[in-house]
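A.B. asks: Sharing a structure here in structure tokens format.
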Amino acid sequence: MKKTFFILSIILGVMALNAQSLTSSRTAEVSNKEILIETAKNVAMTYGPEYVPFFKDAKISEAQVFNKEDYGDSFPEIRKQIGRKYYTITFTYDSTSVKFAFDYAAKVRIWKDTREPMDVIFGNGMGRNFLFRNLKKQANHSAKKRKKMEHGLIETVPLQTEKEPENIWN
């Protein structure tokens, strides 16, 4: 009887530990998604603040592998990134209120290993990449470049929307 009770308590203990690890992995996954969305939103706010009010939902892709078709391989800074994994965070928008050239308001790609942004592309097709100079260096450079005009100003992507075709039959 003692042996049965002992085996039963071990089985229950193992099941409880598995349940805790599943709960903690789900919590970590949710936290990871929140961090990715927050990072992507910060990048979008920095380089395209006029697009952010149109954000509806954020969609996170599965991890993808950077390859030479993404940017070519003509520069060593790009070649050394080949094989790294990244996530794509896509911010959708309400197409009844505004129309962009693409089906997203912004798309931010973030490296899986460092959580640093790779690039940002806005709904008009314009954007910035951080392959040659990371986000911090670009922000500091832009601030120094424009210090005489206005301290801390970063050159942002202008808001451009698509015009709806007019109905000539009305």
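The values are calculated or read from the model by the stated rules, or taken from the named source; none is laboratory data. Since we're looking at a predicted model, the values are computed, not measured. Please note: Cβ atoms are built from the backbone with ideal geometry, for glycine as well, and neighbour counts cover all protein chains shown. The protein model used for the area step is the full one, side chains on, heavy atoms only, and it has no ligands, DNA or RNA in it. Shrake-Rupley method; radii C 1.70, N 1.55, O 1.52, S 1.80 Å.
A.B. asks: Considering only the range 128-137, I want to know if a residue exists there that is open to solvent by less than 40 Å² (accessible area, probe 1.4 Å), at pLDDT below 90, in contact with a Ser or Thr (Cβ under 9 Å, 6 or more places away or on another chain) and part of a loop (DSSP other than H, G, I, E, B).
C.D. replies: Within the range 128-137, not a single residue is open to solvent by less than 40 Å² (accessible area, probe 1.4 Å), at pLDDT below 90, in contact with a Ser or Thr (Cβ under 9 Å, 6 or more places away or on another chain) and part of a loop (DSSP other than H, G, I, E, B).
A.B. asks: Take the residues in the range 97-127 that are of a type in the set (G, A, S) and assigned to a loop (DSSP other than H, G, I, E, B), then tell me which one is farthest from I78 (Cα to Cα).
C.D. replies: Quick first cut of the range 97-127, residues of a type in the set (G, A, S) only: 97, 101, 105-106, 123, 125, 127.
When the remaining residues are screened for being assigned to a loop (DSSP other than H, G, I, E, B), the result is 97, 101, 105, 123, 125.
Working: S97: 38, A101: 27, A105: 26, G123: 24, G125: 21 Å.
Going through the qualifying residues, I end up with S97.
A.B. asks: Could you look through the range 69-96, keep only residues that are open to solvent by 80 Å² or more (accessible area, probe 1.4 Å) and under 20 Å from the mean Cα position of the chain (by Cα), and pick out the one that is farthest from T114 (Cα to Cα)?
C.D. replies: The initial filter retains those residues of the range 69-96 that are open to solvent by 80 Å² or more (accessible area, probe 1.4 Å), namely 69, 74-75, 79-80, 85, 96.
If we keep only those that are under 20 Å from the mean Cα position of the chain (by Cα) too, we end up with 69, 85.
Numbers: E69: 22, K85: 10 Å.
Here the answer is E69.
A.B. asks: Another question, if that's okay. Scanning the range 97-106 for residues that are open to solvent by 60 Å² or more (accessible area, probe 1.4 Å) and without any contact (Cβ under 8 Å) to a residue 60 or more places away in the chain, which turns out farthest from G127 (Cα to Cα)?
C.D. replies: S97
A.B. asks: Moving to a separate point now. Need pairs with beta-carbon distance below 7 Å; first residue in contact (Cβ under 8 Å) with a residue 12 or more places away in the chain and in a loop (DSSP other than H, G, I, E, B) and within the range 53-64, second surrounded by 11 or more Cβ atoms within 10 Å (Cβ to Cβ) and charged (D, E, K, R); sequence gap 6+ or separate chains.
C.D. replies: Going by the 7 Å Cβ cut-off, the qualifying pairs are A63/K85; A63/K112.
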